[in-house]
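Have a look at the structure below, then the notes.
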Amino acid sequence: KTGTGELDRVLGGGLVKGSVVLLSGDPGIGKSTLLMQVCGTFCRDKRVLYVSGEESARQLKLRADRLSVNSDSLLIMTETDVETICEYIKQNKPDIVMIDSIQTMNHAEIQSSSGSVTQVRECTNALLRTGKSLDIPVIIVGHVNKDGAIAGPKVMEHIVDAVLYFEGERNYAYRILRAVKNRYGSTNEIGVFEMGDDGLREVENPSAALLSERNTNISGNCIACVMEGSRPVLAEVQALVTPTGFGNPRRMSDGIDINRVILMIAVLEKRAKANLSNSDVYINVAGGLHIDETAADLGICAAIITGQTDTQIPPDMIFAGEVGLGGEVRAASHVRERVKEGARLGFERCIIPKQSFSSLSRSENYGIQIIGVRTLEQAFRAINADKEKENKE
Ligand code: TYD
Ligand code: MG
């Protein structure tokens, strides 16, 4: 175990001895910060070698101070020659090695400059051989770079044992760590962090964090319960529906695949008789979260339809369910976990597919009203139920 819970979760429990992990992400997203903090918890009882080719020892010291990392068992090396580094590893045998970053490393036998495809590949291979032969785990930082001159981490993805992506919008505080390849565990777990003045903080309760800035008085806002690996997360889906100025209506989406949004708009037009052909639709998922699950469909539809009619979804309601092309609401996985997450965060009503009732137990009290729907129409009726009741009264 690395001692950083969110990192361990993504790695599938912890680091495997002798494994090589690639940590990649955009420059400035917080890779060095994450590693330095991991060093901090790791070197309480183990020896860590942190090699930096990007920063001077003084800069590293400043960062370590800022993150309150201070230990005699943290070895710092500012070196870019891979053979020197491997030699040092062989002699000192640290318990874990971190390389920041692979693009700055240099293998003397290779002619091309650091960061080129051959350099990146050979340096990775050299580190991998050293790590495997001594059973030492190695974490390698690789910047994602669209510029063709510097080899991106893509060229080393097949060599290493696990590939982690550290992502997020730089102007949001939330950072999500995701495994895209893992020889020793599943790849659908995520770790959530928040960048603050004194480094990254683990977010053990992402739903609460993502909902903290929620404004319940806005039309087109919907809480969808999505699964991120084995963990349910409540995400705020926002839809802004405005009249089209001229020409083709625009559809834009941040956080959800645009094609899925276009599909949902088509289903709403055909099956729910919504008129969106003269409306621009903008979708956003609050907090910079990326949703990649069809069970978010019902939430997307609810957001768009209430955005269009300028109405509000009752603030105590959450949604989960896939929407088919016929406007039918299809079963979702992990319904029990989703319902429980909603109840845990104080929601009172949960709209789920009727089909999913079979995975809920009748005797269990979930502490939340569960409303099963078969079609989009039934779902929209549930949203408007309060208002109709008021009108009658
Ligand atoms: P860094 O770890 O240097 O990014 P990378 O190694 O991925 O290139 O992180 C850089 C950003 O993080 C920088 O913009 C400043 C910010 N930051 C904080 O907000 N708080 C902190 O405590 C630290 C150390 C960095
Ligand atoms: Mg860095």
Requiring at least 1 residues that are over 19 Å from Thr2 (Cβ atoms), the strands (runs of 3 or more DSSP E) wholly within region 36-140 are 74-77
Pairing a residue in region 20-32 that is touching a residue at least 40 places away in the same chain (Cβ under 8 Å) with any residue that is outside any strand (DSSP E or B) and near ligand 2 (Cβ under 10 Å from one of its atoms), where Cβ atoms lie under 6 Å and the two sit 6 or more apart in sequence or on different chains, gives Leu23/Lys31; Gly25/Lys31
The condition from (1) β-branched (Val, Ile, Thr); (2) farther than 19 Å from Pro94 by Cβ; (3) open to solvent by 10 Å² or more (accessible area, probe 1.4 Å) that Ile29 misses is numbered (3)
Apart from one, (1) open to solvent by 50 Å² or more (accessible area, probe 1.4 Å); (2) assigned to a loop (DSSP other than H, G, I, E, B) all hold for Phe357; the odd one out is (2)
Report yes if Leu240 is of a type in the set (A, V, I, L, M, F, W, C), within 30 Å of Ile305 (Cβ to Cβ) and surrounded by fewer than 22 Cβ atoms within 10 Å (Cβ to Cβ), otherwise no.
yes
Given the conditions (1) within 22 Å of Asp292 (Cα to Cα); (2) part of a helix (DSSP H, G or I); (3) β-branched (Val, Ile, Thr), every one holds for Val329 apart from (2)
Among Thr84, Thr80, Thr33, Thr104, the single one that is over 23 Å from Arg121 (Cβ atoms) and polar (S, T, N, Q) is Thr33
Residues in region 216-258 that are closer than 19 Å to Leu376 by Cβ and not in a strand (DSSP E or B) total 2
Among strands (runs of 3 or more DSSP E) entirely within region 152-196, at least 2 residues that are open to solvent by 20 Å² or more (accessible area, probe 1.4 Å) and of a type outside the set (Asp, Glu) occur in 174-182, 190-196
Here the residues within region 54-105 that are open to solvent by 40 Å² or more (accessible area, probe 1.4 Å) and over 20 Å from Gly40 (Cβ atoms) are Glu79, Thr80, Glu83, Thr84, Glu87, Tyr88, Lys90, Gln91, Lys93
Given (1) under 21 Å from the mean Cα position of the chain (by Cα); (2) closer than 25 Å to His334 by Cα; (3) open to solvent by 10 Å² or more (accessible area, probe 1.4 Å), Ser253 misses just (2)
Any hit, region 189-200, residues being under 30 Å from Val281 (Cβ atoms), more than 16 Å from ligand 1 (Cβ to nearest atom) and not hydrophobic (A, V, I, L, M, F, W, C): no
Those residues of region 362-380 which are free of Cβ contacts under 8 Å to residues at least 24 places away in the same chain and open to solvent by 50 Å² or more (accessible area, probe 1.4 Å) amount to Arg362, Ser363, Glu364, Asn365, Gln369
The number of residues in region 1-51 that are among the acidic types (Asp, Glu) and within 13 Å of ligand 2 (Cβ to nearest atom) is 1
Scan region 312-319 and tell me whether some residue there is farther than 17 Å from Gly220 by Cα and either open to solvent by 60 Å² or more (accessible area, probe 1.4 Å) or touching a helix residue (DSSP H, G or I) at 6+ places or on another chain (Cβ under 6 Å) (or both).
no
Note on Asp8: of the conditions (1) in contact (Cβ under 8 Å) with a residue 24 or more places away in the chain; (2) outside any loop (DSSP other than H, G, I, E, B); (3) away from ligand 1 (no atom under 16 Å from the Cβ), unmet is (1)
Asp292 vs (1) open to solvent by less than 20 Å² (accessible area, probe 1.4 Å); (2) farther than 21 Å from Ser361 by Cα: all pass except (1)
Residue pairs qualifying under the 8 Å Cβ cut-off, at least six apart or on distinct chains, with the first in region 91-104 being under 18 Å from Gln119 (Cα atoms) and touching a residue at least 60 places away in the same chain (Cβ under 8 Å) and the second being within 12 Å of ligand 1 (Cβ to nearest atom) and polar (S, T, N, Q), are Asp100/Ser32; Asp100/Ser52
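The values are calculated or read from the model by the stated rules, or taken from the named source; none is laboratory data. Treat the numbers as computed from the prediction; the structure is a model and nothing was measured. Don't worry about glycine lacking a Cβ; one is built from the backbone with ideal geometry, like all the others, and counts go over all protein chains shown. Note: areas computed on protein heavy atoms with side chains; ligands, DNA, RNA excluded. Shrake-Rupley method; radii C 1.70, N 1.55, O 1.52, S 1.80 Å.
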